[in-house]
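What follows is one structure encoded as structure tokens, with my remarks underneath.
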Amino acid sequence: MRRAVPACALSLLALTGASQAADYSKAVWSVASGQSGQTPLMDTNVMGEMVMRAWVTPRGVPVQGLMFIYMPKLSTNHWAVMLVEPQGQPGEFFGARSLKFVRAAKKDGQTANLYTLGDGMFKGLYLMDGKVKDKRGQMMHFLMLLTPQMAQQEPDPADFLK
């Protein structure tokens, strides 16, 4: 009987550890908001209408690239964060365990699924998960965190990659 208790406890600990997903939401926001101290590779301001900042392999976030997009002329609520080639599950990057499917789109082999985040740091915002062709015609995986205002704009992530 004594052996069963430690074995059961170890099994429970193993299952608990396995069920806890990574949460990169604070690291993603730290980079995107400029609080991490990492210098963006690209920092543009197009006549005050669109601000774009991009980082390549930002520290603390397992992605090839992170881009912050902000449209201050429309409103302070028009912003998005795009992750290129994320290494992990979509919800992990925005601290969400619960995603609610909204709609899907497919065109020329490119796909995008839109979800709302049901919990976590960005609860209520939208997550677009898809694959688009880059400049070379290669398929790339992206995740994009969108405010409701940006989701209404229906941005095409391929536009930000040209």
Once phi is turned into θ = phi - 60°, what whole-Hz ³J(HN,Hα) does the Karplus curve with 6.51, -1.76 and 1.60 give for every residue of the stretch 123-140, x standing for Gly and Pro? 3, x, 7, 9, 10, 9, 10, x, 10, 10, 8, 7, 4, 8, x, 7, 6, 9
How much of the accessible area of the stretch 58-162, in percent, comes from carbon and sulfur atoms when a 1.4 Å probe is used? 47
Between the stretch 77-149 and the stretch 20-46, what is the C-alpha centre distance in whole Å? 16
Output the pairs from K107/K135; K73/K100; K26/K100 with a Cα-Cα distance over 28 Å in this structure; if there are none, say none. K73/K100
Only Lys, Arg, Asp and Glu count, each charged at its Cβ (+1, +1, -1, -1), so figure out the dipole size of the stretch 14-92 about its Cα centre, rounded to 20 debye. 140
Amide H to amide H, which residues 5 or more places from R97 or on other chains are under 5 Å from it, using H placed in the peptide plane? D119
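The values are calculated or read from the model by the stated rules, or taken from the named source; none is laboratory data. Treat the numbers as computed from the prediction; the structure is a model and nothing was measured. With ideal geometry, Cβ positions are generated from the backbone for all residues, glycine too; neighbour counts draw on all protein chains shown. Each accessible area value is taken on the protein alone, full model and side chains, heavy atoms only, with ligands, DNA and RNA left out. Shrake-Rupley method; radii C 1.70, N 1.55, O 1.52, S 1.80 Å.
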